[in-house]
Structure formats: structure tokens, C-alpha cells
Amino acid sequence: MTELDRLAERVGIEPFYHDIWGNRRDTSRETKCALIAAMGLPTGTDEDVARSLRTVEEREWRRMLPPALVADAGTAAAVPVSVPGGLEDAAVAWTLYEEDGPVHRGGARLGDLPLAQTRTLDGLAHERRTLGVATAAPFGYHRLEVEIRPAGVGGTLRGETRLILAPERCLLPEEAVPGGRLWGIGLQLYSLRSATDWGIGDFDDLGGFAERAAGLGAGVVGLNPLHALFPADPNHFSPYSPSSRRFLDVFYIDVEAVPDLAESEEARALIAGERFQADLAAARAAELVDYPAVARLKMPVLERLYASFRGRHLADGADSGRGRAFRDFQRASGEALRRHATFEALHERFYGADPARWAWQSWPEEYRRVDSAAVADFAREQGERVEFFEYLQWEADRQLAAAAARARAAGMGLGFYRDLAVAANPGGAAAWADPDTLVQGANVGAPPDAFNMKGQNWGLAPLSPVGLYEAAYEPFIAAVRANMRHAGALRIDHVMALKHLFWIPADGGDGAYVEYPFADLVRIIALESRRQGCIVIGEDLGTVPEGFRPAMEKAGVLSYRVLYFERTEEGEFLPPAGFPERAMVTITTHDLPTFKGYWTGHDMEWRRTLDLYPDAAAAEKDSWDRGVDRWRLLQALGREGLRPARYPTDDGGQPFSEELVEAVHRYLGRTPGQIVMVQIEDALGDVEQPNLPGTTDQHPNWRRRLPETLEAMSGHALLKAVAAAVAAGRSER
């Protein structure tokens, strides 16, 4: 191996991969150099490569302990300790500080510790020995300190690491709900309509939807990512391209449910104004979500509510329960909240003054680092504006908690499942606040496949496996924990990213897979799952590495199975009994056609209209294949005795019907999958899908509103029929 090959291997860049057609694609030298450089290691010359390799290889020898170590509770943790040679008689003392207070201590003679490796650095011998740390510490994030006191020599060597004691398996459905089997409804929150919405679904609407879903027998409501977007630019609204995955989208706040509205005459007067009411009526009646209109309605009112709150509850001498609750939220959220709110205020300042300065990389140099003096001065001078954005996060969290409480009170076993996007936008708050962990010189994407011959570039910033490890996994832990908040389940988008992720250099060169510390990340997810009482679902669609699904099953992570894709080797639809038990099963997803769209070929009409097919032959083949799929689906229903009477044959040319929707959902209900999800669009007979991959503004992605209001759903015949069909299928297992 060349030095570049060794360096690439050490930072996780895979030397090759096999594409969907089975062809081997080797990672080029140029790609290796670009991706390594994106991780902050110079590769411009051979000398740079050699120095970077030395840096990586020697880093673990030049510090006593690794940044973090993931181990089992109840067994001795094997801690690697790197020290200069010749200290065999030194005394080793270790202290383990549990995160909730208790302290454990132990010691040994250094020479009695097993010798694992040796190395010479700068002409001096170094050793790596294995320290066994056996304690009664429970699962959790603990701090381990090690001191080495050489015999007869003054001075002490000290090191510290984060010792993460984690379970092997996530919380399982049968541990969360009686029987471990349930069904639910998947929802894009922004799409909800109600008599009181402000042009977009909000957290109060979510609580009402959950109550109606529970009344139909649903045990969970599945949600799109609720991640923080960009309040200063409401035109950036993809939930899968967030500013930060740790915080919430503040446009989901129900303004009229904010307690401060009752105390703010100014805000109430603004809302009551004739012009405001006209704009509100227009936003409420709009066919699509008009995000800028929503922002123009909500932000001025929220600003007035914060001003009232600050004056009444945060003023000197105020003795306010709400004021104390806000301060408690600030303290609990820590520096992360302060940095996020500071970014929001800075983004508003620079983007508002010049649209060309949307990304923080285009801001004046002194504002590009979170720890700069200029940023500290700004946060101090604009303290109220920064605190306003903290206030919005507090209220969003409070309202989501209230919606979750309504779901549980209505009888939902799991309540909500939240969705964790695969990565964040490189121009957003997370990348600005943590540039050492989120990569700037590469984007997340996917290699070429039958649907995207040139591959996909999602324009997202990947986590650096090097930076993540150096940060003791804290950014990953925080994101997982934040998205399990107020939820009974977490769906991890593109869960294969725990194993490896396809990176594309910023210069547009060929991409490559980059490996992540899979075993550690899975154990951390299991730890958070147990602590938060949250089951985990991994979206494992697309190119799945060999052995990945068995590893996920062993870890208690449910698979994600879509009816459209689950086939036998002959191409027939998998019978219900053929689905795995440890899975969430569904007919479709937000990126695929609704069932009505699938049956009628509406998605193909969109592709033809938008010229998304490479040629006419591809469009014709797609249409032919869809006809064969309709035929196969009717055959599958017939084998289960579920083909509706109005379909006398298996001919795939027969028209769509609501009876067919019911039959397919009953078919799905018969699977052994522990969770069955109904997409609300299917239950309402909607033909349009939320997102059409391969498009941006050509198709109204992430803007579609549901065809029925929340209030009308209570009596919606098809919704009730689909709920009954799924429940019947569940009982027939």
C-alpha cells in the first residue's frame, strides 16, 4: 500500500465498492486526496500525505487514552493506555466518575498490565497496555481518569476518556407496548389543514390529529423530520436539508397556543387587523404551503409575544414560573442552544442585508468561527435577538411535548415516531457551530443506480468519522437524543450511514464510501433507546451492505419494508407471511407515489411532463413494468382471498378503486411486521406524493397540503375503512 492508501484506510475511505450492477468501482487517487483533505488533513503533495499519515498514526500514541471507549456494563472495560517505555514499576490509579455522581477507584502496577503494542516515536520507545476497569457502574456516559506515577521519579502522567457503557440492543416493541404489534399513520406535519391553521400544520394540529388517529385504533403517528430550518429564509423548506438536527422548526409553533398571547394586547391587535386577517385567510386557503407567507404571519406576532414575555417574566425582580421554566430550558440546553440562536440572529443579519450571503462561509471572515471575538461581541450586543430565538425553541419544545401528551392520553401506545435526517446543510447552524465534525469539502450522496445514472448529490454535510471520534461522539449522541425527545420511536433515515456513507468531493469528482465506527454508533443508539424509552426503526432501502440487516436485527433496530419493493426472486409481490417480524411495513414513502398515484401511473405522468426520463424507450418500459406490477398485485391479493369483487380478473388495466385501497391495507396488516404504517395520503385517496426525487422547484416538493381538513377527517369514509382494514389484517395473523 502507498502512504496515501494507508492514510485513506486509517480515516475510513473504502478502496472500492460494487455498484448496483455488480461492477467494481475503485476509488481514485484524486478522490482519496479530496476526501482526506475535507477531513482537515492536507494531501496537496506527497510530503503533505506523509505528514498527515504520521499525524493520524501517531495521534493515538501521543495521548494516554482515547477520546471515548464504548463497552459493556457489568464486565471489565479493556482500556488502551499509551505510555513511554520503561515505566513498568509505575503505579496506575484510575477513577471512574459516574455521570450521576458515584465514584469508583482502582489501581495496578503498570508492568502487570498486558502489553498490546510497542512503537518508537522521535527515537523513544512507547507502549500500549490494556487496563481492565471493572465497576458496578450502570449504562451511561462516564468519565474515566487515569494517573501513572513512576516509581522513584517526580511527576505524574494523566489522561481522561469518556467511558460509554451501553447495552447491546435497543428497546423492542414488545417492551414498549403490550403484544408488541401495532399500526399507525404516517404524516407530513406541514400538510395538515385545520379550521385554525396559519397556512401550515402546527403542533396543536398534530395533537388533534393524534387524538383522531388514536380513535381509529392507531398506536403511533409517524412524522417527517421536525429539524430546525432557516427562519430568515423560509424558501429553504426541505425537512431533509436542515440547519440543525438538534433543534426544532419554529414555524410549527401554533401562535395562538402561546401562553403569552393572552398577555400581549399588541400581538392580539396585530392579529385582529383587517390586513392581517385577509393575509391569514389567503394562507389558510392556499392549495400549497406558502412558506414565506407563513413566516410573514408568524414572525411579527412571535416577536411581540417574546417582548411581552421578556418584560413580564424576565425583568429584574420578576417572580414568574414561566420565567423560571425558560431559564431552566436555557440551562438544560446549554451552549448548544446559545450557539444555534446566535447563528439564527447572524443569518438574519447577513442574509437579510445581502441574499448572496446565505451560507455562513460567505459571511465576513471574523463571523465564520463560533468562538471568535466578533461573534461573542455580536451575541452580547444583540442579546435580546439571540434570546428571541432561544424563546422560539423553548415554545416549540413545549408545544411538541403537549401534542405528545395528547397522543398518549388518547391511548396511543407509542405516540409519535420522529425522523432523523441523514445529515445537515453545510451552510447551516450545525456546520457553523461544529466545523471540526461536519465536513465542508464533500457532500453526502449516492452512487449511480438504475434510477439515477449519474448518481445523486444531496448537498448535505457528512459527519467526519475522525472528527466524530475526536469529539467523543457527542454530536451524534446529541442528535439522537434530541430526536427521541417527546417520541416513542425514532426512524433513522438512510440508516446504512451508521456503517458507511457515500461522499462526493466538492469539486464534483467521483465519490467513494467512507466508513464509520459502526459498532460504537449502534451501541450508542441502543443506550439512548433504553434511556429515552424509544424504539428505533432504520430506513434500510437502496444499496444495503452485506450482513447489515442481520446486524441491525441483533441490535434491535427494526427494518423498513415497503410493499412496492418486497418481491420474490421471480418478481412477484412477497406474500404477507414473507415479511420479517422485526420490521415496520408500509405501502409507500414520501419519496414514492401514493397508492392511487402508483395504480394510475400519475407519478409517470409527472416524469414525462418534467422530462425526467432519459429517452422515450425508458418511459415506455416504465409504463409497461407498472402494468405488470398491477397484474402481479392483483394476483397477490387473489392468493390471499383479498381481491375485491369488482376486479373479476388479474388484468392490470382495471381502474383504481377505494375497495382496492382497503384490500391492499388489509394485505399489509396480515404481515408479521411489528408495526404497519398507513400513509395519510393513501387513507384520504390522494394521488399526489409529497416529494418527487430528482426535482427541486419543478415539482411542489414538501409543499402539498392534504385534501381534507383535520375536522373533516373524523367522518372521512375511506380513512375509517382503511383503519378497519389494517386492524382486520392485524387480527388475522
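The values are calculated or read from the model by the stated rules, or taken from the named source; none is laboratory data. Just so we're clear, the structure is a prediction, and the values are computed from it rather than from any experiment. Positions of Cβ are generated from backbone atoms using ideal geometry, with glycine treated the same way; all protein chains shown enter the neighbour counts.
Listed residues G12, G22; which is touching a strand residue (DSSP E or B) at 6+ places or on another chain (Cβ under 6 Å) and small (G, A, S)?
G12
Given the residues L392, L420, which is the only one that is touching a Pro at 6+ places or on another chain (Cβ under 8 Å), over 22 Å from Q330 (Cβ atoms) and at pLDDT 95 or above?
L420
From E620, E581, E659, E605, grab the single residue that is at pLDDT 95 or above, touching a Pro at 6+ places or on another chain (Cβ under 8 Å), surrounded by fewer than 19 Cβ atoms within 10 Å (Cβ to Cβ) and in a helix (DSSP H, G or I).
E659
Given the criterion farther than 29 Å from E581 by Cβ and of a type outside the set (S, T, Y), identify the matching residue among E662, E681, E640, E658.
Every option except E658 fails the conditions.
Return a yes/no flag: does the stretch 63-72 have any residue that is free of Cβ contacts under 8 Å to residues at least 40 places away in the same chain and not hydrophobic (A, V, I, L, M, F, W, C).
no
What residue, of G638, G597, G627, is touching an Asp or Glu at 6+ places or on another chain (Cβ under 8 Å), on the phi < 0 side of the Ramachandran plot and surrounded by fewer than 17 Cβ atoms within 10 Å (Cβ to Cβ)?
Going through G638, G597, G627 in turn, just one is touching an Asp or Glu at 6+ places or on another chain (Cβ under 8 Å), on the phi < 0 side of the Ramachandran plot and surrounded by fewer than 17 Cβ atoms within 10 Å (Cβ to Cβ): G638.
Could you check E395 against (1) over 24 Å from the mean Cα position of the chain (by Cα); (2) crowded, with 20+ Cβ neighbours inside 10 Å; (3) among the charged types (D, E, K, R) and say which number it fails?
For E395, the failing item is (1).
Among the numbered criteria (1) more than 28 Å from the chain's Cα centre (by Cα); (2) at negative phi, which one does G685 miss?
Failed condition: (2).
Tally time: how many residues in the stretch 512-561 are in contact with a helix residue (DSSP H, G or I) (Cβ under 8 Å, 6 or more places away or on another chain), over 14 Å from L172 (Cα atoms) and aliphatic (A, V, I, L, M)?
8
Looking at the stretch 368-392 only, could you name the residues that are buried (at least 18 other Cβ atoms within 10 Å of the Cβ) and not basic (K, R)?
Of everything in the stretch 368-392, those that are buried (at least 18 other Cβ atoms within 10 Å of the Cβ) and not basic (K, R) turn out to be V370, V375, F378, A379, V386, E387, F388, F389, E390, Y391, L392.
Would you call G86 free of Cβ contacts under 8 Å to residues at least 40 places away in the same chain and touching a Phe, Trp or Tyr at 6+ places or on another chain (Cβ under 7 Å)?
Here the answer is no, as G86 does not meet what is asked.
Kindly check whether there is at least one residue in the stretch 72-80 that is surrounded by fewer than 16 Cβ atoms within 10 Å (Cβ to Cβ), closer than 26 Å to R523 by Cβ, of a type in the set (A, V, I, L, M) and modelled with pLDDT of 95 or more.
yes
Looking only at the stretch 314-332, count how many residues are at pLDDT 95 or above, farther than 14 Å from D260 by Cα and not small (G, A, S).
Total satisfying the criteria: 6.
For (1) assigned to a helix (DSSP H, G or I); (2) touching a helix residue (DSSP H, G or I) at 6+ places or on another chain (Cβ under 8 Å); (3) of a type in the set (D, E, K, R), each residue gets a yes or a no:
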residue	(1), (2), (3)
P672	no, yes, no
E688	no, yes, yes
L718	yes, yes, no
A721	yes, yes, no
G729	yes, yes, no
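To keep it simple, each residue is scored yes or no on (1) buried (at least 24 other Cβ atoms within 10 Å of the Cβ); (2) assigned to a helix (DSSP H, G or I); (3) in contact (Cβ under 8 Å) with a residue 24 or more places away in the chain; (4) over 23 Å from the mean Cα position of the chain (by Cα).
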| residue | (1), (2), (3), (4) |
| --- | --- |
| E168 | no, no, yes, no |
| I185 | yes, no, yes, no |
| T196 | no, no, yes, yes |
| A218 | yes, no, yes, yes |
| N235 | no, no, yes, no |
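Could you list, in sequence order, all residues of the stretch 303-355 that are over 19 Å from R369 (Cα atoms), assigned to a helix (DSSP H, G or I) and of a type in the set (S, T, Y)?
Once the filter is applied, which keeps residues that are over 19 Å from R369 (Cα atoms), assigned to a helix (DSSP H, G or I) and of a type in the set (S, T, Y), the stretch 303-355 yields Y306, S308, S333.
Give the residue that is surrounded by the most Cβ atoms within 10 Å (Cβ to Cβ), with candidates limited to residues of the stretch 124-164 that are among the hydroxyl-bearing types (S, T, Y) and at pLDDT below 95.
The selected residue is T135.
Let's see how each residue does on (1) buried (at least 19 other Cβ atoms within 10 Å of the Cβ); (2) without any contact (Cβ under 8 Å) to a residue 12 or more places away in the chain; (3) charged (D, E, K, R); (4) under 19 Å from A401 (Cα atoms):
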| position | (1), (2), (3), (4) |
| --- | --- |
| L226 | yes, no, no, yes |
| F251 | yes, no, no, yes |
| E263 | no, no, yes, no |
| F276 | no, no, no, no |
| A281 | no, yes, no, no |
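If you go through the stretch 306-338 one residue at a time, how many are farther than 26 Å from V255 by Cβ and either surrounded by 11 or more Cβ atoms within 10 Å (Cβ to Cβ) or polar (S, T, N, Q) (or both)?
Number satisfying all stated conditions: 0.
Only one of (1) touching a residue at least 40 places away in the same chain (Cβ under 8 Å); (2) assigned to a loop (DSSP other than H, G, I, E, B) is not met by T696, so which one is it?
The failed condition is (1).
Given W360, W432, which one is farther than 25 Å from D493 by Cα, touching a Lys or Arg at 6+ places or on another chain (Cβ under 8 Å) and buried (at least 22 other Cβ atoms within 10 Å of the Cβ)?
Exactly one of W360, W432 is farther than 25 Å from D493 by Cα, touching a Lys or Arg at 6+ places or on another chain (Cβ under 8 Å) and buried (at least 22 other Cβ atoms within 10 Å of the Cβ), namely W360.
Would you check if there is a residue in the stretch 405-426 being crowded, with 23+ Cβ neighbours inside 10 Å and assigned to a helix (DSSP H, G or I)?
Scanning the stretch 405-426 turns up at least one residue that is crowded, with 23+ Cβ neighbours inside 10 Å and assigned to a helix (DSSP H, G or I).
When the stretch 371-392 is examined, which residues are found to be assigned to a helix (DSSP H, G or I), over 27 Å from the mean Cα position of the chain (by Cα) and not β-branched (V, I, T)?
Result: A373, A374, A376, D377, F378, A379, R380, E381, G383, E384, R385.
Would you mind stating whether L121 is buried (at least 22 other Cβ atoms within 10 Å of the Cβ), touching a residue at least 60 places away in the same chain (Cβ under 8 Å), over 30 Å from T709 (Cβ atoms) and more than 23 Å from the chain's Cα centre (by Cα)?
No: the conditions fail for L121.
Identify all residues within the stretch 1-20 that are free of Cβ contacts under 8 Å to residues at least 40 places away in the same chain and not β-branched (V, I, T); write none if there are none.
Passing the criteria: M1, D5, A8, E9, P15, F16, H18.
Residues that are touching a strand residue (DSSP E or B) at 6+ places or on another chain (Cβ under 9 Å) and either closer than 30 Å to L192 by Cβ or β-branched (V, I, T) (or both): does the stretch 366-380 have at least one?
no
Can you find a residue that is modelled with pLDDT under 95 and of a type in the set (F, W, Y) anywhere in the stretch 492-514?
Checked against the condition, which is being modelled with pLDDT under 95 and of a type in the set (F, W, Y), the stretch 492-514 yields no hits at all.
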